[in-house]
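The structure appears below as structure tokens.
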Amino acid sequence: MKKLMKLISVALVLVMLAASFAACSDPEKAGGIVSDPYAGKTHAEISDEIYEKVLGEFDTAYKAAKEAKTVAERFALMAIAEAKLLESGVMLPSTSKGGNYAISKVAPYTATPVLWGNDSYRYYRLLIVAGDKPIKAAERNELKALWNAKKGTGTYYEEAKKYLTGKGYTFQDTYEYGYTSDPQTWDAFNTYRSADSEAIINTYTGLLEYDVENELKPALAAEMPTVSADGLTYTFKIRQGVDWVDSQGRVLEPVTAKSFVAAMHHMLDAQGGLEYLVSGIIKNADAYMSKEITDFSQVGVKAVDDYTLEYTLEAPCTYFLTMFGYNIFAPLSEVQFAAKGGVFGVDEFAEKAKSDAYTYGKTPNDIAYCGAYLVTSATEKNSIVFELNDKFYAKDAVTLKKITWTFSDGSNPTFGYDKFKEGKFAGAGLNTQALAKCKADGLFDEYAYVSATDATSYPMFLNLYRAQYGNYDDPTIAPTTLSDNQKNRTNIAMGNQNFRLAVCTALDRGAYNATTTGDELKLTSLVNSYTPGNFVSLPEAATVKINGTDKTYAAGTYYGQIMQDQIDADGIKIKVWDPTKEEGAGSSAGFDGWYNAENAKAYMAKAVEELAEQGITVTEKTPIKLEIPYYDINEIYTARANALKQSIETSLGKLVEVVLVKTGGSNALNWYNAGYYPETGDTMNYNIVDVCGWGPDFGDPQTYLDTMLPQAGGMAKNIGLY
């Protein structure tokens, strides 16, 4: 990373550029007529070249982290790698889930609050109080204190039930809440999207699951696994007497060790975005996917007998068991897979998947079930109904016999609150408009609370080389306003680190977030890094080099502190860690460590100077134009988009013009198709997007950083690459 040189003031740059502008009456010509510097190259070639230029330091640092000899060194080096990622300015961390006012009849911590994987979406044991009133805020606080006191004892759930019963509450056995995006597939092994996996998690049970106290417990495993002395082999005994059923509840076959072997086989064949999670972890997974070997029996998953399962790793992996809360280790019914046209083999599956004969995962009727629920109804853009699976091995522990997802097209900002008032929903988050209704109804003071934030990160992504200028599925939707010359100017500007940092530090994220949460909570859900700074801490002391100088970190040092040290050493003016937050424990959330108009101006001044050397003149009359698609039929999203535009343009003296592009339509699908559903970087229709995010799959920073790797990284496409 180059050290920042002394910056020329914005005023001086503008005086110099004004003289050149006076000589030409055409603003576009005055700004410079430029050609596409990557013309004639393939998207793969462009991606490789840009990635190396922009994220080469991150990639190098991250590879070093994965070669670390100890866990502590690994965490420290990953923090250094993430610092390089953030310094690049390709993403602006924005918000996490939660951090807004809410009311709810759902008792806290009756689904696991674990920060990674999908187990937090297993709702079958939720305690939901009956009646038309939510749980009082004061009572929620007492339950949270009870959880802290009982965590690790295995007694919280029953104690919470006893506490609520003592307060006069009874419980309901149904749960209805809203959703905004239909699952695109019901195949657990061929999707990495939360819109899919949050639904699919209800249909199967894993080997291990996190309980409500965040303890990993056996589920389809009869007991916790045994681990070989070298840390390479994990042996599970499978719970006997568990059956696969179809969507009608008819028994198909038993769940056996082979169900997990078949699942891994299918996932590595499908290569639908999950396979990178086991790359370098499961023995020979990479060799099988690259077809270096074709015999799947050489891959490190084996059914020793019907009820003994064995995983073999490439190398010891400290976080291996934390991955079992994610769908990569779900089982698969071979009988149902075959009945729906499924075949095994990388080439064989690729060919079969193209045909109409392959229907596995197309609908809820095209999968098998071994989880708490069967999907008994699924109507697109309407509802999804989950009802108790009578063959579920733990059905006696199920508190909710029926869960209903009700579709919201996003056009009504108070949809959730209105449904709560109708007696349909068990609670609602309170955005600015719903908050006003809640107060008018007299419910706020006694019942409203601030919802907990989690480890999800919703960054804004900057498209480094935009190739799509209308939605990929229909180019007439969200069409560009940019001329060809403006497209080239913007793409070249996006390749400039100082320009990207100017944009990232120009946005008042508090004002942006306030349009959703209100001013009082505008900072609560803000995050400043991709991986939360307190996601991990060093289990022991570690010495690493910060720009060539040894620095020793004590055991217990948080990941965020090391990130901040590297950022400070590189002279980048952003704050990702505040050691005074959380009563001195430190945090990377709850404050805006990026926004600073003066820093933004300084970065922009340097960018203007560098772009001028490339023949691109940037003035207020010839700004760089950045398009952002927004959901225009929703008042809150419209206000949010306008706050973004106003903040950036105000901070940068209109050297950058933010162009808001309406996505239209009767629901949010067009917005999602601009920046969430596209599969490749060259089909992303934006210069900046704020529609997608990432939640961790397991308890190691790798779960975040892997997503930004070249080619295999699932989120690298959001910066226009691969």
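The values are calculated or read from the model by the stated rules, or taken from the named source; none is laboratory data. Note that this is a predicted model, so its numbers are computed, not measured. Ideal geometry is used to build each Cβ from the backbone, glycine not excepted, and the neighbour counts take in all protein chains shown.
Taking the stated definitions as given, is MET224 modelled with pLDDT of 95 or more and not in a helix (DSSP H, G or I)? Yes. Checking each residue in segment 439-456 for being of a type in the set (Gly, Ala, Ser) and free of Cβ contacts under 8 Å to residues at least 24 places away in the same chain picks out ALA440, GLY442. If only residues of segment 659-669 that are under 25 Å from the mean Cα position of the chain (by Cα) and at pLDDT 95 or above are counted, the one that is surrounded by the fewest Cβ atoms within 10 Å (Cβ to Cβ) is LEU660.
Quick one: in segment 273-301, of everything that is surrounded by fewer than 20 Cβ atoms within 10 Å (Cβ to Cβ) and within 24 Å of the chain's Cα centre (by Cα), which residue is modelled with the lowest pLDDT? Selected residue: GLY273. All of ASP187, ASP182 fail the test of being charged (D, E, K, R) and either buried (at least 21 other Cβ atoms within 10 Å of the Cβ) or assigned by TED's automatic domain parsing to the domain that holds GLY533 (or both), apart from ASP187. Taking segment 24-92 as the region of interest, the helices (runs of 4 or more DSSP H) fully inside it that hold 3 or more residues being touching a residue at least 12 places away in the same chain (Cβ under 8 Å) and under 19 Å from LYS575 (Cα atoms) are 71-87.
Considering each of ALA639, ALA612, ALA602 in turn, give the residue that is closer than 30 Å to GLU82 by Cα and modelled with pLDDT of 95 or more.
ALA602
Selection over segment 654-684 of residues that are in contact with a Leu (Cβ under 6 Å, 6 or more places away or on another chain) and under 18 Å from TYR472 (Cβ atoms) gives a count of 1.
Of everything in segment 200-232 that's under 30 Å from the mean Cα position of the chain (by Cα) and β-branched (Val, Ile, Thr), which residue is farthest from GLY154 (Cα to Cα)? In this case the residue turns out to be ILE200.
For the subset of segment 121-153 comprising residues that are under 25 Å from VAL536 (Cβ atoms) and in contact (Cβ under 8 Å) with a residue 40 or more places away in the chain, which member is nearest to the chain's Cα centre (by Cα)? By that ranking, first place goes to TYR121.
I'm checking my understanding of the structure. Among residues of segment 604-632 that are among the β-branched types (Val, Ile, Thr) and in a strand (DSSP E or B), which one is nearest to LYS662 (Cα to Cα)? Full working, then the answer.
Our first condition is that a residue be among the β-branched types (Val, Ile, Thr); within segment 604-632, this holds for 608, 616-619, 622, 624, 628.
Checking which are in a strand (DSSP E or B) leaves us with 624, 628.
Values: ILE624: 19, ILE628: 9 Å.
Ranking the qualifying residues of segment 604-632, first place goes to ILE628.
Checked against (1) closer than 20 Å to ASN327 by Cβ; (2) without any contact (Cβ under 8 Å) to a residue 24 or more places away in the chain, GLU223 meets all criteria but (1). Among the residues of segment 550-566, is any under 27 Å from CYS504 (Cα atoms) and surrounded by fewer than 14 Cβ atoms within 10 Å (Cβ to Cβ)? No, segment 550-566 has no match at all. So is ASN718 farther than 23 Å from CYS317 by Cα, part of a helix (DSSP H, G or I), of a type outside the set (Gly, Ala, Ser) and under 13 Å from the mean Cα position of the chain (by Cα) or not? So ASN718 fits the description; yes.
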